Amino acid sequence: MRILVTGGAGYIASHTAVSLLDRGHQPVLLDNFCNSKPAVLDRIEALTRQRPTLLKMDVRDTDAVARALREHDCQAVIHFAALKAVGESVEKPLAYYENNIQGTLSLLAAMRSSGVKTLVFSSSATVYSADQPMPLREDGLLGTSSPYGRTKLMVENILADVAAADKTLSFTSLRYFNPVGAHPSGTMGEDPRGIPNNLMPFVAQVAVGRLPRLRVFGNDYPTVDGTGMRDYIHVCDLAEGHVSALNHAHGRAGWHVFNLGTGQGTSVMQVLQAFSLACGRELPYEVVPRRSGDVAACWADPHHAESTLGWRASRTLEMMCADAWRWQSANPMGYPD
Ligand code: NAD
Ligand code: WQD
């Protein structure tokens, strides 16, 4: 299949592009580089011996996206392009609604005008309401507390409505839990701008000496050791989940929703310990007050993806840390400009 991948130079999309190429698909990557660099294309080429097309384009440019869909004869779209920082979304909600909502509406218009009917959307565990028992199932209570989370939930609602109105469309929402790690080659990984918001890239930058110590946000949660628990999933498992979702979606109209997680909760201290083992030294940390908006625990029930897509995450926490460390130590400042 030829697949348009919006946000194609980003962290999860670039790993997905490698999985798609490995399975004989042809991704066409589209990105405006607001949170990524074109250099990732050289890494994709080095790993796969194929150089996919990379279009510098904003997903909100409906005409250009429609042209790209037609010129490259795409049969499906994977829609990663979005802004994703929860804290920033509270400061700049309009930027999030403009980019994430308008971006999706524009993409849907481009798909309609070029006759592309299959879409896989990057959703998030953040669409689930806090304070419900773990693990989270796809039919769990929805509700979210940040503008970023609301953009994901609103887009899910838009996609469900559009798919209900046109029975020829196949739309899939993948709710990612906590994507971490890097390609095992150490040539591709997460390259956040500025100080990382998320745990694993922060720990990786402590390990490589870019940051002095981890600040553990609270150790008084009702969890195994008092620190927050999450469902960390290796980015390569996640990438393969997209290939499975696309295979399932093709020729199967309707609205489909899947959790992509491991089904296992891991605490902040367990991540820190696993990363220390991976990099071969104790990593400094201090416990500070809870971060506002955090929940104690969040992990997936992954059975729906397993039984319907035939996909399950297989990579361990040790592999997530070893691969993240290989990437960070070989590329301490991320991708070149
Ligand atoms: P990322 O920032 O690395 O990738 C997003 C890419 O989209 C970037 O390359 C960025 O430049 C591009 N982009 C943003 N707005 C664009 C626009 N208007 N036009 C064209 N390109 C645009 O982030 P990621 O971690 O790879 O996340 C990918 C998707 O997965 C996002 O939709 C994100 O919300 C979702 N998601 C991420 C996580 C996570 O923890 N990383 C968890 C759940 C869901
Ligand atoms: C994990 C754990 C923190 C940083 C976020 C988004 C979510 C999704 C994934 C996009 C928590 C603790 C963290 C640090 C810490 N993204 N922590 N010190 O908050 O589960 O999810 O990313 O959709 O929407 O909210 O991930 O990696 O930020 O935090 O102690 O410096 O690590 O308190 O318990 P989170 P995270």
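Of ALA82, ALA66, ALA46, ALA76, all but one fail to be within 9 Å of ligand 1 (Cβ to nearest atom) and of a type in the set (Gly, Ala, Ser); the exception is ALA82. Filtering PRO93, PRO38 for residues that are within 16 Å of ligand 2 (Cβ to nearest atom), at pLDDT 95 or above and farther than 19 Å from LEU119 by Cβ leaves a single hit, PRO93. Among strands (runs of 3 or more DSSP E) entirely within the stretch 194-311, having at least 2 residues that are more than 9 Å from ligand 2 (Cβ to nearest atom) and touching a residue at least 40 places away in the same chain (Cβ under 8 Å) singles out 232-234, 254-260. How many residues are under 24 Å from SER123 (Cβ atoms) and in a helix (DSSP H, G or I) if we restrict to the stretch 23-43? Number of matching residues: 1. Residue-level check: of (1) away from ligand 1 (no atom under 16 Å from the Cβ); (2) under 23 Å from the mean Cα position of the chain (by Cα); (3) surrounded by fewer than 18 Cβ atoms within 10 Å (Cβ to Cβ), LEU272 misses just (3).
The numbered conditions (1) touching a residue at least 60 places away in the same chain (Cβ under 8 Å); (2) surrounded by fewer than 17 Cβ atoms within 10 Å (Cβ to Cβ); (3) in a loop (DSSP other than H, G, I, E, B) are all true for THR187 except (2). Of the residues in the stretch 1-37, how many are among the small types (Gly, Ala, Ser) and surrounded by fewer than 24 Cβ atoms within 10 Å (Cβ to Cβ)? The number of residues fulfilling the criteria is 3. The residue list THR227, THR187, THR266 contains one member that is under 30 Å from GLN75 (Cβ atoms) and more than 12 Å from ligand 1 (Cβ to nearest atom), which is THR187.
Somewhere in the stretch 289-301, is a residue surrounded by fewer than 23 Cβ atoms within 10 Å (Cβ to Cβ), closer than 13 Å to GLY181 by Cα and hydrophobic (A, V, I, L, M, F, W, C)? The answer is no; no qualifying residue exists.
Cβ-Cβ distances below 6 Å connect no pair with a first residue in the stretch 84-105 that is within 22 Å of PRO192 (Cβ to Cβ) and without any contact (Cβ under 8 Å) to a residue 40 or more places away in the chain, a second residue that is small (Gly, Ala, Ser) and part of a helix (DSSP H, G or I), and a separation of six or more residues or different chains.
Confirm whether LEU30 is among the hydrophobic types (A, V, I, L, M, F, W, C) and more than 8 Å from ligand 1 (Cβ to nearest atom). No.
Of everything listed in (1) small (Gly, Ala, Ser); (2) buried (at least 19 other Cβ atoms within 10 Å of the Cβ); (3) more than 16 Å from ligand 1 (Cβ to nearest atom), the single unmet condition for GLY241 is (3).
Conditions (1) surrounded by fewer than 23 Cβ atoms within 10 Å (Cβ to Cβ); (2) touching a helix residue (DSSP H, G or I) at 6+ places or on another chain (Cβ under 7 Å), marked per residue:
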site: ASN157; (1), (2): yes, no
site: ALA164; (1), (2): yes, no
site: VAL180; (1), (2): no, yes
site: ASN197; (1), (2): yes, yes
site: VAL203; (1), (2): no, yes
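The values are calculated or read from the model by the stated rules, or taken from the named source; none is laboratory data. This is a predicted model, so every value here is computed, not measured. Reconstructed Cβ throughout: ideal geometry from the backbone, glycine too, with neighbour counts over all protein chains shown.
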